[in-house]
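Engineer: Submitted below is the structure of interest, expressed as structure tokens.
The values are calculated or read from the model by the stated rules, or taken from the named source; none is laboratory data. Small disclaimer: the values here were computed from a predicted structure and weren't measured. Here Cβ is always computed from backbone atoms with ideal geometry, including for glycine, and neighbour counts include all displayed protein chains. Ligands, DNA and RNA are stripped out before the accessible areas are found, and what is left, the full protein with its side chains, is counted by its heavy atoms. Shrake-Rupley method; radii C 1.70, N 1.55, O 1.52, S 1.80 Å.
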Amino acid sequence: MSEEVVITGVGLVSSLGLTLEETWKALLEGRSGIGPIRGFPAGGFTSTYAAQVEGLEAGALGVRGREARITDLHTLMLIKCLRDAFEGSGLEGSQVPRDEVAIFGGMGGVDYREGDLVPAVAASMRKDGSVDYGKFYGGAFREIYPLWPLGMLNNIAFCQAAKELSLRGENTVFSPHAEAGAQALREAALSVSEGRAPGARAAGVGGSGSAAILARAVLAGMAKGDALRPFSSERGGTVLGEGCAVLALERKSSLAQRGAAALARMTGYGEAFSLGEARPDGEAMARAMRLALESASLNPSGIDVLIAHGDGTPLGDEKEIEAINEVFSDTGLKVYSSKGALGHMLAGSPAVDAALAVQMIRTGTVPPTLGAEPLDERARFVVLRGGALEATVRRVMVSCLSVEGQCAAFVLEAAA
């Protein structure tokens with residue numbers, strides 16, 4: 001990047017809290033946000049647990065009327081995190097014009113609300129309980145809420161959030177898996193570094209829990225079981241999670257002009273893709289990690305903590321173990337995964353992990369990885385378990401991947 005990019009504010013919502021501080025405290029205490037799925041009957045699925053967000057209401061965020069009708073949890077989380085990131089960055093009330101601030105996001109697929117279709121279906125029913133399509137196309141379809149298709153477009157959430165905060169700069173939404181969240185962070189950093197925006201917001205959103213989202217994860221061979229056990233020899237599959245994080249980015253040179261402080265800086269990024277039959281692929285993961293180290297001008301021994309993807313799937317963790325062993329051989333690397341406590345947020349996970357990396361750097365503390373017992377004997381690195389660890393943390397790498405083969409890694413460092 002042509003100019004150093006720093007992180008000046010963070011917003012986070014998870015199943016363990018509606019702020020970064022609440023979530024961080026719960027993680028240090030070893031608490032898990034994973035529990036039985038609420039909101040729809042999940043008994044027929046291979047996974048009946050998830051990490052779900054509670055207590056976030058549209059009214060409390062000032063979203064009312066027609067806007068509230070098409071505003072689902074993923075949009076509320078994004079609005080909340082954007083506001084918190086703005087407040088933390090010190091840009092609120094500054095001279096930076098909002099219409100030049102960029103926003104980039106990673107977000108998975110979202111779904112319409114079944115309730116929006118119920119009136120039309122009810123008006124089309126025969127006495128025997130079957131659907132009369134003549135009635136439906138003859139006029140009953142008009143009972144469908146006219147804006148219901150907007151609920152299926154993940155970029156609508158970013159449009160709503162940008163409108164709420166008057167953000168009109170460069171913007172893009174990436175989808176659907178974890179590498180999408182990493183790409184959003186990279187594009188936000190480039191937008192700032194190259195002077196296309198005075199500031200940017202990089203967001204990652206884990207979509208609202210629904211039967212359709214769970215079904216997609218099951219069909220992809222991901223979601224299985226009621227516990228997520230990163231790098232455990234007894235792991236069986238992942239558990240989905242709701243959540244969101246937003247990072248505020250700007251050029252280091254602009255901080256002195258307004259007396260602000262940097263929380264961390266982004267120094268390295270790498271991505272790779274495998275065309276092999278096994279996806280995800282350990283070789284591609286290793287290549288992404290090496291590219292991130294190279295762009296940050298670091299040796300493997302320069303990384304203090306790796307926040308691994310660690311989604312608890314048999315193949316995914318196996319290949320990630322291979323990649324970490326290969327890249328960080330004999331360095332005594334400390335590894336952490338947030339998913340045992342927060343679930344797998346898909347495109348939202350990298351931003352959440354980046355927010356946690358900032359906290360590790362700021363506090364010199366690393367939470368324990370939940371569910372990693374007994375550890376897979378092939379892991380030749382230190383998976384942090386049992387309790388929070390106090391350590392000097394200056395550089396953190398975050399690794400993420402997709403079941404389709406895309407891999408990414410990035411490096412966050414302490415502010416110079």
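Engineer: For Asp226 and Glu29, what does the FRET efficiency come to when R0 = 22 Å and r is the distance between their Cβ atoms, rounded to the nearest 0.05?
Structural biologist: Numbers: r = 22 Å, r/R0 = 0.98.
E(calc), rounded to 0.05, equals 0.55.
Engineer: Right, here's the next one. Which semi-axes, in whole Å and largest first, does the equivalent ellipsoid of the range 163-208 have when worked out from the alpha carbon gyration tensor as the square roots of 5 times its eigenvalues? Intermediate results must be reported in sequence, preceding the final value.
Structural biologist: Details: eigenvalues 75, 41, 9 Å².
They are 19, 14, 7 Å, listed from largest to smallest.
Engineer: In debye, nearest 20: dipole of the chain around its Cα centre with unit charges on the Cβ of K, R (+) and D, E (-)?
Structural biologist: Roughly 760 debye, rounded to the nearest 20.
Engineer: Run through the range 323-391 and list the trypsin sites (Lys or Arg not before Pro) located in a DSSP loop whose Cβ has at most 16 other Cβ atoms within 10 Å. Can you show the working numbers first?
Structural biologist: Numbers: sites: Lys334, Lys339, Arg362, Arg378, Arg380, Arg385; in loops: Arg378, Arg380, Arg385.
Sparse-neighbourhood loop trypsin sites (Lys or Arg not before Pro): Arg378, Arg380.
Engineer: What accessible area per residue, rounded to a whole number of Å², is obtained for the range 236-387 using a probe radius of 1.4 Å?
Structural biologist: Values: 5120 Å² over 152 residues.
On a per-residue basis, the range 236-387 sits at 34 Å².
Engineer: Projecting each Cα onto the charge dipole of the chain (Lys/Arg +1, Asp/Glu -1 at the beta carbon, about the Cα centre), which of Ala58, Leu255, Thr267 comes out farthest on the positive side?
Structural biologist: Positive-end residue among those listed: Ala58.
Engineer: With axes computed from alpha carbons, what is the tilt in degrees of helix 73-89 against the longest principal axis of the chain, rounded to the nearest 10 within 0 to 90?
Structural biologist: 40
Engineer: Hey, if you drop one equal point scatterer on each alpha-carbon of the range 8-88 and run the Debye formula without solvent, what base-10 log of I(q)/I(0) do you get at q = 0.15, 0.22 Å⁻¹?
Structural biologist: Taken in order of the listed q values, log10 I(q)/I(0) reads -0.65, -1.07.
Engineer: Let me ask you something else. Counting Lys and Arg as +1 and Asp and Glu as -1, each charge on the Cβ, what is the dipole of the range 1-51 about the Cα centre in debye, to the nearest 20? Could you put the intermediate results ahead of the total?
Structural biologist: On the way: 3 positive and 5 negative charges, 84 e Å.
Rounded to the nearest 20 debye, it is 400 debye.
Engineer: To continue, here is another question. Work out, in µm²/s and without decimals, the Stokes-Einstein translational diffusion coefficient of the range 307-360 at 25 °C, 0.890 mPa s, Rh from Kirkwood over C-alpha pairs. Each step should come with its number before you reach the end.
Structural biologist: Details: Rh = 12.0 Å.
It comes out at roughly 205 µm²/s.
Engineer: A further question on this structure: Need one number: % antiparallel among DSSP beta bridges in the chain, to the nearest 5. Each step should come with its number before you reach the end.
Structural biologist: Details: 43 of 64 bridges.
Given both bridge residues lie in the chain, the antiparallel proportion sits at roughly 65 percent.
Engineer: What is the magnitude of the charge dipole of the range 282-416 about its Cα centre, with +1 placed on the Cβ of each Lys and Arg, -1 on the Cβ of each Asp and Glu, and no other charges, expressed in debye to the nearest 20?
Structural biologist: On the way: 11 positive and 17 negative charges, 82 e Å.
Roughly 400 debye for the range 282-416.
Engineer: Heavy atoms only, probe 1.4 Å: what % of the accessible area of the chain goes to carbon and sulfur, would you let me know?
Structural biologist: Numbers: 8280 of 16610 Å².
Carbon and sulfur: 50 percent of the exposed surface of the chain.
Engineer: So, one more: Pull up all non-local amide H partners of Gly243: gap of 5 or more, or a different chain, and H-to-H distance under 5 Å with H placed in the peptide plane.
Structural biologist: Gly206
Engineer: Using only Cα atoms, figure out Rg for the range 296-390 and give it as a multiple of 2.2 N^0.38 Å.
Structural biologist: Values: Rg = 12.8 Å, N = 95, 2.2 N^0.38 = 12.4 Å.
Normalised by 2.2 N^0.38 Å, the Cα Rg of the range 296-390 equals 1.03.
Engineer: Can you give me the three principal axis dimensions of the chain from its C-alpha atoms, in Å, biggest first?
Structural biologist: Sorted from largest, the Cα extents of the chain read 71, 54, 40 Å.
Engineer: Hey, another quick one. Determine by what factor the alpha-carbon radius of gyration of the range 208-298 differs from 2.2 N^0.38 Å, reporting the quotient. Kindly include the intermediate steps, with their values, before the conclusion.
Structural biologist: Working: Rg = 19.0 Å, N = 91, 2.2 N^0.38 = 12.2 Å.
So the range 208-298 has a normalised radius of gyration of 1.56.
Engineer: Another question about this same structure. Averaging over all projection directions, find the projected area of the Cα convex hull of the range 234-284 and quote it in nm² with one decimal place. Please report the intermediate quantities before stating the final value.
Structural biologist: Numbers: hull surface 28.1 nm².
The Cα convex hull of the range 234-284, projected and averaged over all directions, gives 7.0 nm².
Engineer: Expected output is a single nm value to one decimal: the length gained when fully extending between Ala211 and Glu54, i.e. 0.36 nm times separation in residues minus the C-alpha distance. What is it?
Structural biologist: 54.7 nm
Engineer: Pairs Lys80/Lys334; Lys252/Lys339; Lys80/Lys163; Lys25/Lys334; Lys25/Lys224; Lys25/Lys163: which exceed 23 Å Cα-Cα?
Structural biologist: On the way: Lys80/Lys334 32 Å; Lys252/Lys339 31 Å; Lys80/Lys163 13 Å; Lys25/Lys334 20 Å; Lys25/Lys224 28 Å; Lys25/Lys163 32 Å.
Pairs exceeding 23 Å: Lys80/Lys334; Lys252/Lys339; Lys25/Lys224; Lys25/Lys163.
Engineer: Next question, about the same structure. Specify which residue in the list Ala162, Val358, Leu315 is farthest towards the positive end of the charge dipole of the chain, using unit charges on the beta carbon of Lys, Arg (+1) and Asp, Glu (-1), about the Cα centre.
Structural biologist: Of the candidates, Ala162 comes out farthest on the positive side.
Engineer: With N denoting the number of residues in the range 112-216, provide Rg(C-alpha) divided by 2.2 N^0.38 Å, to two decimal places. Mind showing how you got there, number by number?
Structural biologist: Values: Rg = 19.9 Å, N = 105, 2.2 N^0.38 = 12.9 Å.
Working it through for the range 112-216, the quotient is 1.54.
Engineer: Something else about it: On the first, second and third principal axes, largest extent first, how far apart are the outermost C-alpha atoms of the range 346-410 in Å?
Structural biologist: Principal-axis extents of the Cα atoms in the range 346-410, largest first: 36, 30, 18 Å.
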